[in-house]
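Working notes, beginning with the structure itself.
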Amino acid sequence: VQLQACGGGLVQAGDSLRLSCAVSGRTFRTVSIGWFRQAPGQEREFAAAISRNSDTTYYADSVRGRFTISVGNAENTAYLQMNSLNAEDTAVYYCAASLFGRTITRIVDFPYWGQGTLVTVSS
């Protein structure tokens, strides 16, 4: 499985941004997708995930209600819509794939990773 994330950039607090993750080698019927982020000087943390067949979504408390994870089956691309961004959302965002259908909120659940895309939110 190969993943390529893009869509990061510099935005103002309160703005929205959509990250994309192009997936090759598997379809969304067979892999779950997760988004993780790593702020400067911090450990990588879970942000959101969507299970195989897109039947269940998971969110970290810090992003629930502001971020939405989705997949586009036709284009084999996963998305992370981020609204009401604040300075604490500044981080490198990574997409990852897992063959698991459940328990998909931990880094160890995801063996396949894309490169990160930097999101900077100015306050």
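The values are calculated or read from the model by the stated rules, or taken from the named source; none is laboratory data. Fair warning: this is a prediction, and the values are worked out from it, not measured in the lab. Here the Cβ positions follow ideal geometry from the backbone for every residue, glycine too, while neighbour counts run over all protein chains shown. The area values use the complete protein model at the heavy-atom level, side chains included, leaving out ligands, DNA and RNA. Shrake-Rupley method; radii C 1.70, N 1.55, O 1.52, S 1.80 Å.
Looking at region 59-89 only, could you name the residues that are under 19 Å from residue 1 (Cβ atoms) and hydroxyl-bearing (Ser, Thr, Tyr)?
70, 77, 79
If you go through region 82-95 one residue at a time, do you hit one that is buried (at least 16 other Cβ atoms within 10 Å of the Cβ) and over 25 Å from residue 14 (Cβ atoms)?
So far as region 82-95 goes, no, none of its residues is buried (at least 16 other Cβ atoms within 10 Å of the Cβ) and over 25 Å from residue 14 (Cβ atoms).
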Some residue of region 81-98 being among the aromatic types (Phe, Trp, Tyr) and either touching a Cys at 6+ places or on another chain (Cβ under 6 Å) or farther than 23 Å from residue 40 by Cβ (or both): no
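Got a number for residues in region 16-55 being charged (D, E, K, R), in contact with a strand residue (DSSP E or B) (Cβ under 9 Å, 6 or more places away or on another chain) and within 16 Å of residue 102 (Cβ to Cβ)?
Count: 1.
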Condition broken by residue 41, with the remaining ones in (1) over 17 Å from residue 120 (Cβ atoms); (2) assigned to a loop (DSSP other than H, G, I, E, B); (3) open to solvent by 60 Å² or more (accessible area, probe 1.4 Å) satisfied: (1)
